[in-house]
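K.L.:
Before we start, here is the structure in question, set down as structure tokens.
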Amino acid sequence: MLGFGLLARTAAEIRRDVAAAQTRDPAARGVTAAEILATWPGVHALLAHRVAHALHGIGAPLLPRVIASTSRSVTGIEIHPAARIGGGFFIDHGMGVVIGETARIGRDVTLYQGVTLGGTGFATGKRHPTVQDNVTIGSGAKLLGPITVGHGSKIGANSVVIHDVPPNSTVVGNPGHPVRVEGRRPEGPDADWIHLPDPVADAIKALASRIATLEAKLEAKNGEEGERPPADVHRLPVTREVGGRANPAYGPNPAGG
Ligand SMILES: CC(C)(COP(=O)(O)OP(=O)(O)OC[C@H]1O[C@@H](n2cnc3c(N)ncnc32)[C@H](O)[C@@H]1OP(=O)(O)O)[C@@H](O)C(=O)NCCC(=O)NCCS
């Protein structure tokens, strides 16, 4: 009974994945399900992933990775067996797609070729994007880090997205920024989502400037001459433990992961 239930569920999933290709790929109009199953690389990669993911879920050794790596050789699409992908997922064309281990993809999501759902460095834990339902990600877009792309959003081709994307918005460019939210151009003081004000740095700058004024007054009162450059405010370097000691020169590694 359990076996029949699993079979029925798998068949329904495959039907939904093939229907996704038929409805979302203009080149698939009028093409039969059998032809899509036989010749669409995005569909091949997805079906291989569903098997690899199921085996990974029951703790099967080696086989999930072998399936993922074979699928990558054949389709050019690399999906980590642990990545969670909802129903109705469609990858158009496919070549060059990378979906990382901790990526989460909702229902009815579409990806074009060259999309990366990757990490920003060598961090462990949740380090890949979460993509909610009905999102479209254009060709060549790079989504990096444990960000969330809100449901119904579109990511423009070749965008580089490193911040959360609000639902029902369009994000383009590098760095990716919203150009439409709920169908309207973002306006007002919050329109620039990338260059947000930094109140802490502003407060420190104000204090530094007041200290410089006080120092100048004190020097004038004591009859001391000489120009003192105003205190400068720098961004604090990111530190990381190296060999048990904090190494301030060791910033986040920009390599993908
Ligand atoms: C982003 C996209 C999904 C369109 O979404 P949309 O919500 O309909 O957005 P619009 O077309 O109204 O464009 C909104 C703004 O973003 C700009 N824009 C659209 N796509 C862009 C991109 N990839 N890069 C930079 N700017 C882009 C538009 O010029 C427009 O600018 P404006 O505000 O100055 O008028 C679409 O342009 C896109 O990139 N699709 C990917 C398709 C793809 O990869 N195809 C490959 C097929 S092989």
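K.L.:
Within the stretch 125-135, track down each residue that is under 15 Å from V115 (Cβ atoms) and either surrounded by fewer than 21 Cβ atoms within 10 Å (Cβ to Cβ) or touching an Asp or Glu at 6+ places or on another chain (Cβ under 8 Å) (or both).
P.N.:
H128, T130
K.L.:
Taking V172, is it within 16 Å of the ligand (Cβ to nearest atom) and surrounded by 21 or more Cβ atoms within 10 Å (Cβ to Cβ)?
P.N.:
Details: within 16 Å of the ligand (Cβ to nearest atom): yes; surrounded by 21 or more Cβ atoms within 10 Å (Cβ to Cβ): no.
When the stated conditions are applied, V172 does not pass them.
K.L.:
In this structure, is H53 within 25 Å of Q22 (Cβ to Cβ), in contact with a Pro (Cβ under 9 Å, 6 or more places away or on another chain) and within 16 Å of the ligand (Cβ to nearest atom)?
P.N.:
Against the criterion (within 25 Å of Q22 (Cβ to Cβ), in contact with a Pro (Cβ under 9 Å, 6 or more places away or on another chain) and within 16 Å of the ligand (Cβ to nearest atom)), H53 does not qualify.
K.L.:
OK, next. Among the residues of the stretch 217-224, are any at pLDDT 60 or above, acidic (D, E), in a loop (DSSP other than H, G, I, E, B) and under 29 Å from the mean Cα position of the chain (by Cα)?
P.N.:
No, that holds for no residue.
K.L.:
How do the pairs read when you match residues in the stretch 66-85 that are closer than 19 Å to T39 by Cβ and in the same structural domain as L117 (by TED's automatic domain parsing) with residues anywhere that are surrounded by 17 or more Cβ atoms within 10 Å (Cβ to Cβ) and modelled with pLDDT under 95, using Cβ under 7 Å and keeping only pairs 6 or more apart or on different chains?
P.N.:
Within 7 Å, the pairs are T75/G94; G76/G94; I77/G94.
K.L.:
For V161, are the conditions met, namely being within 13 Å of the chain's Cα centre (by Cα) and within 12 Å of the ligand (Cβ to nearest atom)?
P.N.:
Yes; evaluated as a whole, the condition is true for this residue.
K.L.:
So which of L37, L62, L7 ends up being modelled with pLDDT of 95 or more, more than 25 Å from the chain's Cα centre (by Cα) and assigned by TED's automatic domain parsing to the domain that holds N134?
P.N.:
L62
K.L.:
Report yes if A45 is surrounded by 13 or more Cβ atoms within 10 Å (Cβ to Cβ) and either of a type in the set (V, I, T) or more than 17 Å from T136 (Cβ to Cβ) (or both), otherwise no.
P.N.:
Against the criterion (surrounded by 13 or more Cβ atoms within 10 Å (Cβ to Cβ) and either of a type in the set (V, I, T) or more than 17 Å from T136 (Cβ to Cβ) (or both)), A45 qualifies.
K.L.:
Pick from the stretch 109-127 the residues that are in a loop (DSSP other than H, G, I, E, B) and within 23 Å of G87 (Cβ to Cβ): which of them is farthest from the ligand (Cβ to nearest atom)?
P.N.:
The first filter runs over the stretch 109-127 and keeps only residues in a loop (DSSP other than H, G, I, E, B), leaving 109, 112-115, 119-127.
Next, only the ones that are within 23 Å of G87 (Cβ to Cβ) stay: 109, 112-113, 115, 126.
Values: V109: 13, Y112: 4, Q113: 7, V115: 9, K126: 26 Å.
Filtering the stretch 109-127 for residues that are in a loop (DSSP other than H, G, I, E, B) and within 23 Å of G87 (Cβ to Cβ), the one farthest from the ligand (Cβ to nearest atom) comes out as K126.
K.L.:
Turning to a different aspect of this structure: Would you confirm, using the coordinates I've provided, whether D25 is among the charged types (D, E, K, R) and touching a helix residue (DSSP H, G or I) at 6+ places or on another chain (Cβ under 6 Å)? Show your work before the answer.
P.N.:
On the way: among the charged types (D, E, K, R): yes; touching a helix residue (DSSP H, G or I) at 6+ places or on another chain (Cβ under 6 Å): no.
When the stated conditions are applied, D25 does not pass them.
K.L.:
Limited to the stretch 128-138, what total is found for residues that are within 13 Å of the ligand (Cβ to nearest atom) and more than 13 Å from V171 (Cα to Cα)?
P.N.:
Selection size over the stretch 128-138: 1.
The values are calculated or read from the model by the stated rules, or taken from the named source; none is laboratory data. Computed from a predicted structure; not experimentally measured. When we count neighbours, we look across all protein chains shown, and the Cβ atoms used for this are built from the backbone with ideal geometry, even at glycine.
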